[in-house]
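Q: Take this structure, written in structure tokens, and hold onto it; I'll ask about it next.
Coordinate-derived values only; no laboratory data. Just so it is clear, the model here is predicted, and its values are computed rather than measured. All Cβ positions, even for glycine, are placed from backbone atoms using ideal geometry, and neighbour counts span all protein chains on display.
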């Protein structure tokens, strides 16, 4: 079986790749940075029982449809048709909307949404023709509720829900299973960078759910793919948001708004503007 993992050089993507490789599958890792890809490949090959012929890497920016198509074609040429696609490539840059450069907003949408669509497009026709294949899109718990400072991230990850549902409706008749998952904060290199940029207002909501390990998240995702689950949720609070959001979110957002106003008021009183910058 050939498994392609975008964003496979670290975090959730790498943890998923390790699981599939440990099962004896052929795994293709796609990511932007060649050096990190090589390190990830070495990590996988260091695991017991894994052969060098099982793992290949490809440096690619999935935000480019042409690059994604070319890389997938090359990977399939070496390891055969893609049986499972894990679309895990993603980026997050928390910042208040009016302080966020347009390029930063656009990059998150390009990688998180368009990058996923480009990877799916690259494997989808072959899966349809063979009438077999599985696609798992990695969204986020942030897709379930709007979070202060995460306008671009929430928008891009929420959009994946509509994409997955619509594609699933098209793909079902051809034997292709499309799934989506909504991980919580996960202990990855990206999370450690993100946490240093996270606004205090966002911590009101996000600190209520403790981060999971990448290995635990990966295991649940792979189990969801095995079982053909359309949606994979993590933990009680995020599952409640997913299933009962229209009931839960209004009072939650009212409470959050009150807390946010207090924080902004304290910043104004101390002479600090948004993002902790001094105001003159």
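Q: Working from Cα positions, state the angle (0 to 90°, nearest 10) between the long axis of helix 214-227 and the longest principal axis of the chain.
A: Around 60 degrees separate the two axes.
Q: Also, quick follow-up: What number results when the radius of gyration of the stretch 131-266, computed over Cα atoms, is divided by 2.2 N^0.38 Å?
A: On the way: Rg = 16.3 Å, N = 136, 2.2 N^0.38 = 14.2 Å.
Ratio of Cα Rg to 2.2 N^0.38 Å: 1.15.
Q: Over the stretch 61-120, consider all pairs of different Cα atoms and compute the Kirkwood hydrodynamic radius from their mean reciprocal separation; express it in Å, one decimal.
A: On the way: mean 1/r = 0.0787 Å⁻¹.
Over the stretch 61-120, the inverse of the mean reciprocal pair distance is 12.7 Å.
Q: Using a 10 Å cut-off on Cβ atoms, rank the peptides 195-201, 246-252 from the highest mean neighbour count down.
A: Values: 195-201: 16.4, 246-252: 11.6.
Averaged packing, sorted descending, gives the order 195-201, 246-252.
Q: Under 13 Å from the 7 Å Cα→Cβ point of residue 264, by amide nitrogen: which residues of the stretch 182-202?
A: Hits in the stretch 182-202 for residue 264 at 13 Å: 201-202.
Q: Still on this structure, I have one more. Would you calculate a helix-derived [θ] at 222 nm for the chain, using -39,500 (n - 2.57) for each DSSP H run of n ≥ 4 and dividing by the full residue count, to the nearest 500? Each step should come with its number before you reach the end.
A: Working: 10 runs with 148 residues, N = 280.
Only helices count here, giving -17500 deg cm²/dmol.
Q: Continuing with the same structure: Roughly speaking, what is the stretch gain from residue 213 to residue 97, that is 0.36 nm per residue apart minus the C-alpha to C-alpha distance, in nm to one decimal? Don't jump to the answer; show the numbers that get you there.
A: Working: separation 116, 0.36 × 116 = 41.76 nm, distance 2.92 nm.
Here the answer is 38.8 nm.
Q: Restricted to Cα positions, what overall size does the stretch 1-140 have along the principal axes? Three whole-Å values, descending.
A: 50, 36, 23
Q: Sticking with this structure for a sec: Assuming 0.36 nm per residue, please report the length gained on full extension of the stretch residue 104 to residue 128 beyond their Cα-Cα distance.
A: Once the chain is fully extended between residue 104 and residue 128, it gains 5.2 nm.
Q: While we're on this one: Please list the equivalent ellipsoid semi-axes of the stretch 101-168, computed as the square roots of five times the alpha-carbon gyration tensor eigenvalues, in descending order and whole angstrom.
A: Details: eigenvalues 137, 36, 10 Å².
Here the semi-axes work out to 26, 13, 7 Å.
Q: So what is the relative contact order for the chain, in percent, with contacts set as C-alpha pairs under 8 Å and at least six apart? Mind dumping the intermediate values first?
A: Numbers: 494 pairs, mean separation 48.5, N = 280.
Here the relative contact order equals 17 percent.
Q: Moving to a separate point now. Return one number: the angle in degrees, 0 to 90 and rounded to the nearest 10, between the long axis of the Cα atoms of helix 236-269 and the longest principal axis of the Cα atoms of the chain.
A: Tilt of helix 236-269: around 40 degrees.
Q: Any chance you could give the angle, 0 to 90 degrees and rounded to 10, that helix 115-130 forms with the longest Cα principal axis of the chain?
A: Result, in degrees: 30.
Q: Separate question: Taking the chain as a Gaussian network, where each spring joins two C-alpha atoms under 10 Å apart, which residue of 47, 160, 238 fluctuates the most?
A: 47
Q: So what's the projected area for the stretch 2-246, the Cα convex hull averaged over all directions, in nm²?
A: Details: hull surface 51.0 nm².
Seen from a random direction, the Cα hull of the stretch 2-246 projects 12.7 nm² on average.
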